[in-house]
Amino acid sequence: MSRIGKKPVELPSGVTAAVSGQTIEVKGPKGARSFTATDDVTLSVEDSSISVIPRGKSKRARQQWGMSRTMVANLVTGVTDGFKKELEIQGVGYRAQMQGNTLKLNLGLSHDVDFVAPEGVTVTSPKATVIIVEGTDEQLVGQVAANIRAWRKPEPYKGKGIRYKDEYIFRKEGKKK
């Protein structure tokens, strides 16, 4: 039995959900999102909650049960609160600034890096060393943050690079004489 799958997803006020076949569409203050579940689960909306029920007792149905419930919960969270990733830049001369929809990164390379934010994601830089990625799709927000971080991952000796906020970097000791 899936402990996660058993719990219904509560719909906050101002959020509506509609099921058509295996597709569920959730609308809220931050927009609308949809998810198509596999044929191994059944989606149903009662009053102010969404429940996910497995069809049968096969291993695949039990796997899809918890995953589908989590995806539906992420839809509800995305249209109400949204998702947010914060990145910090550390290093002498490393900085970021927004120019329209483009994030300009100075990362010690021979050229500036221009990162264009995809549709559905908002990238802001309130300070020269902070980047905030926000959106309604958790997967897309995480992927954009990972793509920005990939330009200069934190190195273990001085810790220079782009890191997630509160990320711990294992530091190494330098060469000894």
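General observations
- Cleavage-rule hits, GluC sites (Glu not before Pro), the range 119-177, DSSP coil, Cβ neighbours within 10 Å at most 12: E119, E167, E173
- Using alpha-carbon coordinates, inclination of helix 59-80 to the longest axis of the chain, degrees: 70 degrees
- Among V130, V15, a tally of other beta-carbon atoms within 10 Å of each Cβ gives an order, fewest to most, of V130, V15.
- Computed over the chain, relative contact order equals 18 percent, with contacts defined as Cα pairs under 8 Å that lie 6+ residues apart.
- In terms of its C-alpha gyration tensor, the chain comes out prolate, because a/c is 1.5 or above and the ratio a/b outweighs b/c.
- Among the listed pairs K84/K153; K30/K59; K104/K158; K104/K175, those beyond 26 Å (Cα-Cα): K30/K59; K104/K175
- Expressed per residue, the C-alpha convex hull volume of the range 3-80 stands at 72 Å³.
- Cα-based helix-to-principal-axis angle, 138-149 vs the chain, degrees rounded to 10: 10 degrees
- Percent of Cα pairs exceeding the 14 Å cut-off, where the set is the range 33-112: 73 percent
- Think of the chain as having a plus end and a minus end, set by charges on the Cβ of Lys, Arg, Asp and Glu; of P154, S125, P54, P154 sits farthest toward the positive end of this dipole.
- Look at the alpha carbon pairs under 8 Å that are at least 6 residues apart: their mean separation over the length of the range 83-164 gives a relative contact order of 36 percent.
Bear in mind these aren't lab numbers, they're just calculated from the coordinates by the rules spelled out. Predicted, not measured: the structure shown is a model, and the values here were computed from it. As a convention, Cβ positions derive from the backbone with ideal geometry for all residues, glycine included, and neighbour counts pool all protein chains shown.
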